[in-house]
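Below is one structure, written out as structure tokens; comments come after it.
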Amino acid sequence: MNYIEYDLLFESRKQLIEEITGLDEKTLHHKPVPEVWNIAQICHHLYLTEQVFTEVIANGIRERDFNNIIQKNIYFVTDRTRKFSSPEAISPSSAPFQLSSLMDLLAESRDRLLQVLYDMDSDILLNRKKAKHPLFGDLSLDQWIELLSLHEQRHIKQIQEIKTALI
């Protein structure tokens, strides 16, 4: 994995943690409108998503190499005007969360992902491995990592919108 992918992961997570650090229970569970997630649910969704991505990446690392993986335009996921439905497996719980629990979950999922990446053989090239994504089809594993960061950026914007609505 190249340093740009690591940088994207670290930067998006740093920004997420900065956005949620110090939030009180009211802010954490505020829903501007009933059909949207609150900040706690967004964080739980990010945790669940990272768990799924980690499994996909771990399984993809074990697969054979491919020579002709087409790089997809995944950047539109940060466009908040485009709406996506979350698969059931990564839909957040409606139960209330404590901020400390969410921080622990986010740390756990990130640690697990980084462990998978650190444990892989040094000669593995993630741009030569692929896995099927429900929206994009076959994605190289390096794009899965980039998508994880972009997905987190999308939800950071959502958190910022919720916080702004409370001011």
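The values are calculated or read from the model by the stated rules, or taken from the named source; none is laboratory data. Note that the structure is predicted; figures quoted are calculated from it, not measured. Heads up, the Cβs are rebuilt from the backbone with ideal geometry, glycines too, and the neighbour counts pull from every protein chain shown. Just so you know, the surface numbers come from the protein's heavy atoms only, side chains and all, with ligands and any DNA or RNA stripped out. Shrake-Rupley method; radii C 1.70, N 1.55, O 1.52, S 1.80 Å.
Restrict the check to region 45-56 and report whether at least one residue is of a type outside the set (Val, Ile, Thr) and loosely packed, with under 11 Cβ neighbours inside 10 Å. Lay out the reasoning, then the answer.
Going through region 45-56, the residues of a type outside the set (Val, Ile, Thr) turn out to be 45-48, 50-51, 53, 55.
With loosely packed, with under 11 Cβ neighbours inside 10 Å added as a condition, the list becomes none.
No.
Check Ser122, Ser101 and return the single one that is modelled with pLDDT of 95 or more, surrounded by fewer than 17 Cβ atoms within 10 Å (Cβ to Cβ) and of a type in the set (Ser, Thr, Tyr). Don't jump to the end; show me each part of the working.
Working: Ser122 fails: modelled with pLDDT of 95 or more.
Going through Ser122, Ser101 in turn, just one is modelled with pLDDT of 95 or more, surrounded by fewer than 17 Cβ atoms within 10 Å (Cβ to Cβ) and of a type in the set (Ser, Thr, Tyr): Ser101.
Please verify whether region 140-161 includes one or more residues that are in contact (Cβ under 8 Å) with a residue 60 or more places away in the chain, touching a strand residue (DSSP E or B) at 6+ places or on another chain (Cβ under 6 Å) and of a type outside the set (Gly, Ala, Ser). Talk me through it step by step, then tell me what you get.
So the first thing to find is which residues in region 140-161 are in contact (Cβ under 8 Å) with a residue 60 or more places away in the chain, and the list is 140-161.
After this cut, where a residue has to be touching a strand residue (DSSP E or B) at 6+ places or on another chain (Cβ under 6 Å) as well, the list is 140.
Pick out the ones that are also of a type outside the set (Gly, Ala, Ser) and you get none.
Within region 140-161, none of the residues are in contact (Cβ under 8 Å) with a residue 60 or more places away in the chain, touching a strand residue (DSSP E or B) at 6+ places or on another chain (Cβ under 6 Å) and of a type outside the set (Gly, Ala, Ser).
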Subset of region 10-26, residues in a helix (DSSP H, G or I), closer than 14 Å to Leu102 by Cα and open to solvent by 10 Å² or more (accessible area, probe 1.4 Å), comes to Arg13, Ile17, Glu18, Glu19, Glu25
Which one of these is assigned to a helix (DSSP H, G or I) and over 20 Å from His151 (Cβ atoms): Asp65, Asp111, Asp104, Asp7?
-> Asp104
Only residues in region 35-46 that are within 14 Å of Lys83 (Cβ to Cβ) count as the first member; pair them with residues that are assigned to a loop (DSSP other than H, G, I, E, B) and at pLDDT below 95, Cβ under 8 angstrom, at least 6 apart or cross-chain, and list the lot.
-> Trp37/Lys31
Write out, first by first residue and then by second, each pair whose Cβ atoms fall under 8 Å of each other, whose residues are 6+ apart or on separate chains, and whose first residue, in region 103-122, is touching a residue at least 12 places away in the same chain (Cβ under 8 Å) while the second is acidic (Asp, Glu).
-> Leu106/Glu50; Ser109/Glu50; Arg110/Glu50; Arg112/Glu50; Leu113/Glu50
Taking Glu88 and the conditions (1) under 20 Å from Asp138 (Cβ atoms); (2) surrounded by fewer than 15 Cβ atoms within 10 Å (Cβ to Cβ), which numbered condition does it fall short on, given that it satisfies the others?
-> (1)
Among the numbered conditions (1) surrounded by 12 or more Cβ atoms within 10 Å (Cβ to Cβ); (2) more than 18 Å from Glu5 (Cβ to Cβ); (3) of a type in the set (Gly, Ala, Ser), tell me where Ser140 comes up short.
-> (2)
